[in-house]
Amino acid sequence: MKLLALLLLLGVLAVPLARAATNPVDDLYRQAQAAAKASKWDDAIQCYERVICEHPDDPGRWFDAQLNITQMLIKKGDWDGAVKSAHLCVDGAPNLGAFDNAVAFTAGVLSAQDKNVDRANQFLTFELSGAAGGKPNPLDAAGYPSLLDREKAFAAIRQQAGDDSNACKLRAFTYLFTGKPKDALAQFADAFRRNENPYDLSNAGVDLVCTGLRAAQGNRVGLDKAMQFVIYGPAGPDGKIGTPDDLTDPFAPLLPPVPPAGTGGMSGISPDDLAALQKVRDAAQLYAGDPLLPPDGIRRNALGALQRVNDAIDGWGAPGQKDWYMRLALGIHCPAPDEYTTGYLSGLQCAARGRATNYGGVRAAWAELDAICAAQKIDPPKHLGDFRTQFDRICTTLAQIQFQKPTWNLMKNPSKF
């Protein structure tokens with residue numbers, strides 16, 4: 001009897017466990033595919049819309065859902081709606097491969113609607129040459145779909161997203177999929193400023209250039225030069241302003257003024273929460289830099305809290321911050337165990353990057369630290385070599401990204417769907 005009861009119990013428990021293992025996004029896709037098979041285009045669109053509105057934990061699938069929405073609009077014969085939806089696909093492509101596919105697809109939609117290739121080829125020329133092509137992007141005239149329910153859902157997502165770099169990235173995608181690419185770029189820049197995790201810094205650079213900048217300018221022209229700017233800053237590889245290798249800031253014409261350090265950035269943090277976190281920051285900095293406190297315990301915890309709160313309030317690059325971390329890293333006036341050095345160097349790297357959309361300030365900080373050690377005849381901080389190697393590896397990873405020329409060709413005949 002006991003064995004039978006146990007088997008019955010396991011049978012009952014197995015049902016909710018099996019349901020819990022089902023991916024709700026996959027369920028929505030299956031429902032959409034079934035509706036499409038039955039030619040219920042609006043039902044299919046609604047399912048794909050739910051993928052986008054109801055699943056902020058999986059924004060990587062929003063692009064595919066938007067492509068499917070476009071296909072359903074084509075099936076309905078709503079060509080104006082399909083072009084506007086395709087515009088969101090171009091903006092929201094999560095990587096350059098997806099972007100190239102979206103451009104080719106959108107050119108096909110334009111030609112199929114017009115039954116000629118004129119507007120499609122104007123679009124492809126813009127994508128290949130940017131403003132140098134001499135004609136505007138026809139998608140700008142087409143505009144975007146009206147998405148009131150999506151806007152409402154995304155407003156809630158933005159409010160609940162949080163205050164770290166991943167939250168900024170999520171907010172960026174909500175703007176990409178509602179036709180606001182410049183707002184998305186501002187969020188990618190916010191994510192870049194907040195990011196202090198060495199393992200995520202290269203991803204932040206890729207997002208800023210390959211998704212944010214590409215969407216804001218509407219094409220991939222000049223992304224290789226933009227990545228060079230992210231790596232080296234305006235001074236270029238030689239680190240000196242006014243030399244032939246100086247680089248132009250590609251972000252400045254497209255970004256709003258950068259909020260002052262420590263005021264919350266683009267996260268939408270409430271004034272009360274911001275004020276509380278600013279007090280935490282001030283106290284953490286006071287304790288972390290107090291030479292009268294023992295290095296273990298309070299100082300150690302304060303240093304970790306300071307790092308996190310600066311991420312939360314977009315506080316990197318405040319006046320005097322870089323020099324404060326430099327003194328701590330060098331043990332000037334406030335000695336600490338060697339194991340603290342990585343925390344100091346991480347803070348120094350973030351403070352030196354500051355409000356910029358590039359790593360030029362970090363390179364200058366390393367040079368300054370070397371100069372101080374040489375002038376004062378002191379040993380460099382322990383772990384500095386490892387930390388700088390890690391930073392150089394990040395920059396090398398970014399520099400090795402290949403920006404191959406896309407293979408689009410001007411169309412000769414309209415597409416058929």
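Protection proxy ranking of 188-195, 356-363, by the mean of other Cβ atoms within 10 Å over each peptide's residues and highest first, is 188-195, 356-363.
Between Asp392 and Ser129, the contour length at 0.36 nm per residue exceeds the alpha carbon distance by 91.5 nm. Between segment 260-280 and segment 134-213, the alpha-carbon centres lie 20 Å apart. Each Lys and Arg Cβ is given +1 and each Asp and Glu Cβ -1; about its Cα centre, segment 207-404 then shows a dipole of about 100 debye.
Estimated from helices alone, the mean residue ellipticity of the chain at 222 nm is -19500 deg cm²/dmol (sum of -39500 (n - 2.57) over DSSP H runs with n ≥ 4, per residue). For the peptides 345-355, 293-303, the ranking by packing is 345-355, 293-303, with the highest mean count of neighbouring Cβ atoms within 10 Å listed first. Given axes a ≥ b ≥ c from the Cα gyration tensor, I'd like to know whether segment 280-417 is rounded (a/c under 1.5), prolate (a/b larger than b/c) or oblate. Judged from the Cα gyration tensor, segment 280-417 comes out prolate (a/c at least 1.5, a/b above b/c).
Can you grab the distance from the C-alpha centre of segment 310-385 to the C-alpha centre of segment 44-68, Å, no decimals? About 43 Å separates the Cα centre of segment 310-385 from the one of segment 44-68. Its Cα centre serving as origin, segment 24-131 has a Cβ charge dipole (Lys and Arg +1, Asp and Glu -1) of approximately 380 debye. Checking (1) 33; (2) 27; (3) 49 against the coordinates, the calculated percent of Cα pairs over 39 Å apart falls under label (1). Of Tyr340, Tyr48, the sequence from fewest to most neighbouring Cβ atoms within 10 angstrom is Tyr340, Tyr48. Peptides 322-332, 173-183 ranked from most to least packed, by the mean per-residue count of other Cβ atoms within 10 Å: 173-183, 322-332. Compared with the dominant principal axis of the Cα atoms in the chain, helix 271-288 is inclined by about 30°.
In terms of its alpha-carbon gyration tensor, segment 181-240 comes out oblate; a/c meets the 1.5 threshold, while b/c is at least as large as a/b. Rounded to the nearest 10 degrees, the angle from helix 384-399 to the longest Cα principal axis of the chain is 20 degrees.
Computed from Cα atoms, the angle from the helix 148-160 axis to the main principal axis of the chain rounds to 20 degrees. When +1 charges are put on Lys and Arg Cβ atoms and -1 charges on Asp and Glu Cβ atoms, the dipole computed for the chain relative to its Cα centre reaches about 760 debye.
No lab work stands behind these numbers, since they all come straight from the coordinates. Since the model is a prediction, treat every value here as computed from it, not as a measurement. Every residue, glycine among them, receives a Cβ derived from its backbone with ideal geometry; neighbour counts consider all protein chains shown.
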